[in-house]
Amino acid sequence: MELMRIENLSKVYGKGDTAVKALDNVSFSVKQGEFVAIIGPSGSGKSTLLHLLGGVDKPTDGKVFIEKTDIYGLNETQLAIFRRRQIGLIYQFYNLLPILTVEENITLPMLLDAHKVDQKHFKEIVEILGLQKRLDYLPNQLSGGQQQRVSIGRALISNPSIILADEPTGNLDSKNSKEIIDLLKLFNKTYNQTLVVITHDDRIALQADRVISIEDGTIAKDEVIRP
Amino acid sequence: MNFMKRGILGITRKKGKSLILLAVIFILGNLISGAISIQQATGNVEKTIKERLGTAATVDLDHDTLNNMPEDEWMDFEPEELGVNLIKQIGDLPYVKYYDYSMEQWMGSESIEPYQGEEMDEDFMMDEEDEIPFQLKGINYAPIIDLEEGKATLTDGRVFTDEEIENGTAVAVISENLAAENNLEVGDTFTLVNNVYSYDYDTDEEDIVASRDVVLEVIGLFDPKSVTQESDEDSESNMMFMMEDPYYQNTMYVPNEIVIDETNYNWEETLKADDELAAMMKEEGEDASFEYYEPIYYLNNPEDIEPFREEVLPLLPELYTVISATDQYERISGPMESMSKLAKYVLIVAVAATILITGLVVLLFLRDRKRELGIYLSLGEKRSKVIGQILIEVMVVAVVGITLSLFSGNLLAGQVSDTIMNSDDSNQSEYYEGVYYPELESELTTEDVMDSYEVNLDASYVLGFYGIGLLTILISTVIPLIYIVRLNPKKILM
C-alpha cells in the first residue's frame, strides 16, 4: 500500500543569478512499512528532500502526499498538528530539550497535543530503547547514544505512520551507530512503520529495503534491494 | 505540558541561568526601587508641608518682576488698582472656600490704653510713645476669616452681620486682653481718634492739623491664645509669639466702610492742610479718595492652588501675580528638590540600564537556547506559546528579584537620602529677601521639611515599583523575543 507520494518536487534557494536548484523535479512513492535509505554526496539535496517530506520546509514546486493528504495544502497550524501526529523526525544532533527529563522529552509531542500518554506504548518503547532507568535524567546526563535513543522514543511516541531520520548515526561511534540502526529496524518491523533514513554510510544503506541515490538535486538511482 | 509549566521548569532546572538573571534584576531593581522610594518620599514631603502651609493666597503686584525692571521703566509704571469687582470675581471661583478683602488704618485714642502684654520680651514691647497704637482691620467677610481659620477664637459676643458690613455700622470685635485692660465689655463703646498730621520739614516735627473721633461699639471679643493646638516645641514657641504679639492684641476688626471713611477723611484733611500737595494732585488729576484693598483667599485644599493660579493670572492687571502660602515651600525645600531631581535622573538611567542589560542577558540566553526553541516550533508548538514560556521564565524570576529589591532598595534609599540631605544642609540660606505677607507666612523652616522626610513602604510605592519594574523587564524581554518570532525551525535544526 502506498503511504507517501512525491510529485515533481523542486526547491530553489535564492533568486535570479544567485538561484540554486537544490531539488529538481523529483518524483517517487514509498510503501507502508518500507525502509528507504536516501544516499548522496554532501550538497546533493538529500537533507532538503527530507525536510520537504517532513513538512518542515516549503517546496518551490510539486506536491507531497502522506496517506493521501497533500501536506502543503494544509495551513500552518494544520500542518504543525499533522506533522506532530503523523511524522516522527530524528535529527543527527538529537535535538532534545535540555530542561525536560528523558520521560518528558519522549512524551512531549503528546503533551503538546494535550493528549494522554498511552502508558503501555510508552513502557514498551522505553523498554526497547533500554531507557527504563534513565527516565528522570536530563539530556546532559546522558551519552550521545542514549540521547539519540530518547529522540527515537520521541519520534515514535505518537505512533506516526512514517519516521524520517536525518543522519541519525552521524554523531555516534560505530557501536552506537549499529545499535541505533538495529533499533530503527526493529521498530520498522514491530510497528510496520515506514522508515526513511538519510545517510552517507553505505553499511546503513545496505540494510534498507530500497536505496535512492540523489545527485545534483535529482534521483540518480532508485534501487530495491529487498523486495 | 503547557507552556506555563515549561516556563517554571525552565527556571528550576536551569538554576545557574536563573540565578544570574535574578542577580541582574536584583541589582538593577535596587536602583529603580531606591529612586522611586526617594521620589515618593519627596512627593509626600511636598504634600505634607503644603498642607501645613495652608491654602491661603493673595493677589498683589509682582515685586520680583518690579525689582528687576530698569529704573526708568519702573519710575513710569503706575499700577492699575485691583477693583472690588475683580476681587469678588476671583472669590467666586470654585476653588475658593471663602475670601475677604480689607483696608487697614492705624489710630490713636485718648480714652483707652493699648494692651502692653505681660513679662514681654523687649523685642515685642510697644513703643510707649506710639500715638497710633490701634490697628483697624477692615473686613468684608462677616464671620471674620481669622476666626474661621483658627488664628483666634471668639470668646464673647458675636461676629458681624452682613448688614453691619454693608452699612459700615460702627461696631468692632476687639481682643479680650485689650477689653480687660480698659474694662470694656460687649455692648460698651469706646472712642478712637483719627488724627491728621502735617510734617514740617524745617522743624522735623509733626503737627496735628485736624482730628475727629470714631466711636465704636464692642460686639465681640477674640482671643488669639488658641492659635495652635499642636504640642511640639516649635509650635509652642510660635503660639507664645502670637499670644503675646501686642500688634495683634491691639487689632480691631471693623467693617471695611469704617476704614474707607476714615482714610478718606484723613486724605482730604491732609490735602486741605498741604496746598502744595493739593495743587500737585489736582494737576495730575488724581482722585482725592482712594480704596486699596488687600484680598485674601482661602482655597478648599492645597492642590487647588495651581489651578487657582492658572485661572486667576489671566484676569489680573499687568504686573500682578498670585502669591500663595505654599510659595514658601519653594524657599525651604532646597535639599528636597535636589534629591527629587537626583532621584528622577537615577530612575531614568536605571530604567534605561535595566532595559538594556536585561535585554542583553535575555538575548544571550535566547541565543543559547535557539535550538531548544526551534525544537518546540518544529514540533508544531505555537510561536505565541513559546513566547509565553520565555516570558514566564523571565517574569517569575523578575517578580522574585523585584520583591527582594523592593525592601533592600527602600532601605538603601533611606541611607542615601540621609547622606544627601546632611551634605546639602550647609547650602541653605535661612534668610529670605522679599515681600513679607503675614497672612501667608508660617514658621516652617527647611528643618521642618527635612524632618517630615521619611522613606517608607507604602502602597503607592509598592504598586509604583512593581509597575515600573515589571514593565521595564517586560520591555527588555519582548524586544529579544521578536528574534524568536522570526525563527525558522528548519534553519535551526538542520
For region A:138-187, give me each residue that is of a type in the set (Val, Ile, Thr) and over 22 Å from residue A:34 (Cβ atoms).
A:150
Kindly provide the set of residues from region A:142-186 that are of a type in the set (Val, Ile, Thr) and not in a strand (DSSP E or B), ordered by number.
A:150, A:152, A:157, A:169, A:180, A:181
Here, strands (runs of 3 or more DSSP E) confined to region B:133-188 with at least 2 residues that are polar (S, T, N, Q) and either assigned by TED's automatic domain parsing to the domain that holds residue B:214 or surrounded by fewer than 16 Cβ atoms within 10 Å (Cβ to Cβ) (or both) are B:153-157
Looking at region B:65-79, which of its residues are at pLDDT 75 or above and in contact with a strand residue (DSSP E or B) (Cβ under 8 Å, 6 or more places away or on another chain)?
B:65
Members of region B:390-407 that are buried (at least 22 other Cβ atoms within 10 Å of the Cβ) and either more than 47 Å from the chain's Cα centre (by Cα) or not aliphatic (A, V, I, L, M) (or both)
B:390, B:393, B:401, B:405
Would you be able to tell me the number of residues in region A:187-211 that are among the hydrophobic types (A, V, I, L, M, F, W, C), over 15 Å from the mean Cα position of the chain (by Cα) and outside any loop (DSSP other than H, G, I, E, B)?
1
Quick one: would you say residue B:84 is of a type in the set (A, V, I, L, M), farther than 30 Å from residue B:358 by Cβ and surrounded by fewer than 22 Cβ atoms within 10 Å (Cβ to Cβ)?
yes
Would you check if residue A:105 is in contact with a Pro (Cβ under 8 Å, 6 or more places away or on another chain), buried (at least 21 other Cβ atoms within 10 Å of the Cβ) and within 11 Å of chain B (Cβ to nearest Cβ)?
yes
Within region A:59-77, track down each residue that is of a type in the set (A, V, I, L, M) and either within 22 Å of residue A:213 (Cα to Cα) or within 12 Å of chain B (Cβ to nearest Cβ) (or both).
A:64, A:66, A:74
(1) modelled with pLDDT of 80 or more; (2) buried (at least 20 other Cβ atoms within 10 Å of the Cβ); (3) under 27 Å from residue B:69 (Cα atoms); (4) among the polar types (S, T, N, Q) all hold for residue B:321 apart from (2)
Examine region A:56-77 for a residue that is modelled with pLDDT under 90 and closer than 21 Å to residue A:170 by Cβ, and state whether such a residue exists.
yes
State the number of residues belonging to region A:133-149 that are more than 12 Å from chain B (Cβ to nearest Cβ) and touching a helix residue (DSSP H, G or I) at 6+ places or on another chain (Cβ under 6 Å).
6
Any residue in region A:78-99 that is farther than 16 Å from residue A:52 by Cβ and more than 7 Å from chain B (Cβ to nearest Cβ) sitting within a Cβ distance under 8 Å of a residue that is in a helix (DSSP H, G or I) and β-branched (Val, Ile, Thr)? List the pairs, counting only those 6 or more apart or interchain.
A:90/A:152; A:94/A:150; A:96/A:150; A:96/B:375
Out of (1) under 38 Å from the mean Cα position of the chain (by Cα); (2) within 14 Å of chain A (Cβ to nearest Cβ), what's the single condition that is false for residue B:70?
(2)
From the residues in region B:296-318 that are at pLDDT 85 or above and in contact with an Asp or Glu (Cβ under 7 Å, 6 or more places away or on another chain), which one is surrounded by the most Cβ atoms within 10 Å (Cβ to Cβ)?
B:296
Could we say that residue A:211 is within 14 Å of chain B (Cβ to nearest Cβ) and either touching a residue at least 24 places away in the same chain (Cβ under 8 Å) or touching a strand residue (DSSP E or B) at 6+ places or on another chain (Cβ under 9 Å) (or both) here?
no
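Per-residue answers, yes or no, for (1) modelled with pLDDT of 85 or more; (2) outside any loop (DSSP other than H, G, I, E, B); (3) surrounded by 17 or more Cβ atoms within 10 Å (Cβ to Cβ):
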position	(1), (2), (3)
A:84	no, yes, yes
A:89	yes, yes, yes
A:93	no, no, no
A:120	yes, yes, no
Counted residues in region B:331-369 being assigned to a helix (DSSP H, G or I), within 14 Å of chain A (Cβ to nearest Cβ) and surrounded by 15 or more Cβ atoms within 10 Å (Cβ to Cβ) come to 2
Out of the residues in region B:381-405 that are among the small types (Gly, Ala, Ser) and farther than 30 Å from residue A:83 by Cβ, which is nearest to the other protein chains (Cβ to nearest Cβ)?
B:398
Scanning region B:9-42 for residues that are within 14 Å of chain A (Cβ to nearest Cβ) and touching a helix residue (DSSP H, G or I) at 6+ places or on another chain (Cβ under 7 Å), the one surrounded by the most Cβ atoms within 10 Å (Cβ to Cβ) turns out to be B:10
Just to check your reading of the model, which residue among B:381, B:310, B:372 is assigned to a helix (DSSP H, G or I) and out of contact with any Pro (no Cβ under 9 Å at 6 or more places or on another chain)?
B:310
Quick one: how many residues across region A:16-58 are loosely packed, with under 14 Cβ neighbours inside 10 Å, within 14 Å of chain B (Cβ to nearest Cβ) and in a helix (DSSP H, G or I)?
0
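The values are calculated or read from the model by the stated rules, or taken from the named source; none is laboratory data. This one's a predicted model, so the numbers in the text were calculated from it and none came from an experiment. Every residue, glycine among them, receives a Cβ derived from its backbone with ideal geometry; neighbour counts consider all protein chains shown.
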